[in-house]
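Every read-out reported here was derived from the displayed coordinates using simple, explicitly stated rules and does not represent laboratory data. These numbers come from a predicted model, not from an experiment. Here the Cβ positions follow ideal geometry from the backbone for every residue, glycine too, while neighbour counts run over all protein chains shown.
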Amino acid sequence: MSKQTEIVEATKQYMIPNYGRLPLAVVRGQGSRFWDADGKEYLDFFTGFGLGGVGGHCHPVLTAAIVKQAQTLTACGNYFTNEPQVELAQRITERAFGGKVFFCHSGAEANEAALKLARAAGKGRFKIVSFHNCFHGRTMGALSLTPEKFQKGFEPMLPGSVKATLNDLAGVEAAADAETAAVIVEPIQAEGGMNMPTKEFMQGLRSLSDRKGMLLIVDEVWTAPARTGRWFAYQHYGIEPDVMTLGKAVGGGLPVGACVAAPKWADVLQPGMHGCTGGGNPLCAAAGAAAMKLIEDEDLVERSARKGAELMDAVRRAKVPCVKDVRGAGLMIGIELSRPGKEVFTNCLQRGLYINCTADTVLRLAPPLTTPDEDLAKALDILLDVLWK
Ligand SMILES: *Cc1c(COP(=O)(O)O)cnc(C)c1O
């Protein structure tokens with residue numbers, strides 16, 4: 001039995017089968033590449049759903065920060081504070097809209113914190129408006145906001161979870177009432193098929209939230225930091241949210257979730273109202289702070305915008321007949337096909353290019369922001385070649 005088969009078989013034996021996994025075990029990564037247990041090399045154009053999206057695998061600067069912190073202090077609990085979490089919070093808020101941060105480990109947990117904050121701020125308001133085709137996570141609160149197909153078998157959901165349609169402001173207005181605490185929106189719907197809200201809609205949501213006295217929560221778990229060619233994707237729309245949630249790449253490859261509250265709401269959650277035992281632990285926070293610094297030092301916001309535009313342009317210019325639409329922002333790219341994308345995904349993987357396919361027909365590319373030009377070109381070659389077949 002090969003090492004790979006051995007690990008795959010052990011996975012089936014010992015792990016709860018809640019993921020539709022490929023029969024591949026990843027053993028090593030470097031930059032925009034990783035290797036499976038058979039030694040096969042892949043270009044990583046999805047970085048574990050964006051988790052390692054800033055520096056790719058084992059970026060020397062991030063690795064050094066992690067090793068240094070691992071030798072200094074990894075856990076101390078939240079009866080104390082620690083410098084790395086404060087540094088990460090400062091770097092986030094200074095690049096966003098000020099305010100204050102709560103740390104946890106995942107995007108779903110960040111959204112849970114946002115929901116509690118919105119209910120606490122709303123003093124009796126409890127309803128939350130979210131959007132069809134959204135994704136906010138798998139915990140019961142986040143799941144309540146997420147589409148019905150993920151909820152099946154786990155009902156009942158949180159009372160007051162109301163759905164509206166993206167880019168239909170009148171629908172949001174109709175869905176919101178005096179009991180609505182918040183509306184939560186992804187600045188680009190990622191898992192739901194790379195659906196783009198219009199600027200007009202996002203600005204409309206902002207003023208509607210103000211008028212109705214509800215909080216505007218922006219779920220930036222996929223779209224930040226720097227992924228879309230801005231530090232945070234809400235910045236494309238000329239608005240500021242009341243609350244922003246972060247996850248995935250914000251930990252520089254280690255698990256970090258964050259709920260960022262604007263100054264007006266920064267002190268809503270008082271001692272005892274919320275918590276997370278390992279949230280803001282110095283190890284993960286140091287990795288996150290190093291990732292934020294890396295973005296700054298290497299100008300990765302600008303690089304994401306420039307390389308993403310080039311890549312989208314190149315795919316459009318190729319005029320492959322099965323490509324219906326190319327959309328996205330920065331290095332968060334969706335390619336909608338006129339046929340199911342599964343076969344393209346499989347063929348790319350076989351050729352050593354790992355991408356993603358969501359909502360059946362939408363291919364997604366989200367390479368590390370540091371991906372060198374030669375790897376961007378190589379991935380494009382493979383992708384176009386597979387698409388033409
Ligand atoms: C992935 C994702 C989540 C959930 O994050 P987890 O870390 O898996 O809990 C929430 N919101 C958005 C927009 C996501 O893409």
Largest-first semi-axes in Å of the equivalent ellipsoid built from the Cα gyration tensor of region 286-337 are 30, 11, 6
Spherically averaged projected area in nm², based on the convex hull that wraps the Cα atoms of region 73-297: 11.7 nm²
Which of the cysteines in the chain are isolated, no other cysteine C-beta under 4.7 Å? Cys58, Cys76, Cys134, Cys259, Cys284, Cys322, Cys348, Cys357
Could you check the spin-label model distance between Ser338 and Arg21? Points 7 Å from the Cα along Cα→Cβ, value in nm. 3.9 nm
Lysine-lysine proximity count for region 75-160, Cα under 22 Å, sequence distance 8 or more or distinct chains: 5
At a 10 angstrom cut-off on C-beta neighbours, averaged per residue, how do the peptides 9-21, 345-357 rank from highest to lowest? 345-357, 9-21
May I ask what percent, to the nearest 5, of DSSP beta bridges between residues of the chain are antiparallel? 65 percent
Counting other Cβ atoms within 10 Å, which trypsin sites (Lys or Arg not before Pro) in region 276-330 have at most 11 and lie in a DSSP loop? Lys319
FRET efficiency, Val86 to Thr63 (Cβ-Cβ, R0 25 Å, nearest 0.05): 0.65
Please state, as a whole number in µm²/s, the translational diffusion coefficient that the Stokes-Einstein equation yields for the chain at 20 °C and 1.002 mPa s, with Rh defined as the Kirkwood radius across alpha carbon pairs. 100 µm²/s
Ordering of 167-177, 64-74 by packing [mean C-beta count within 10 Å, highest first]: 167-177, 64-74
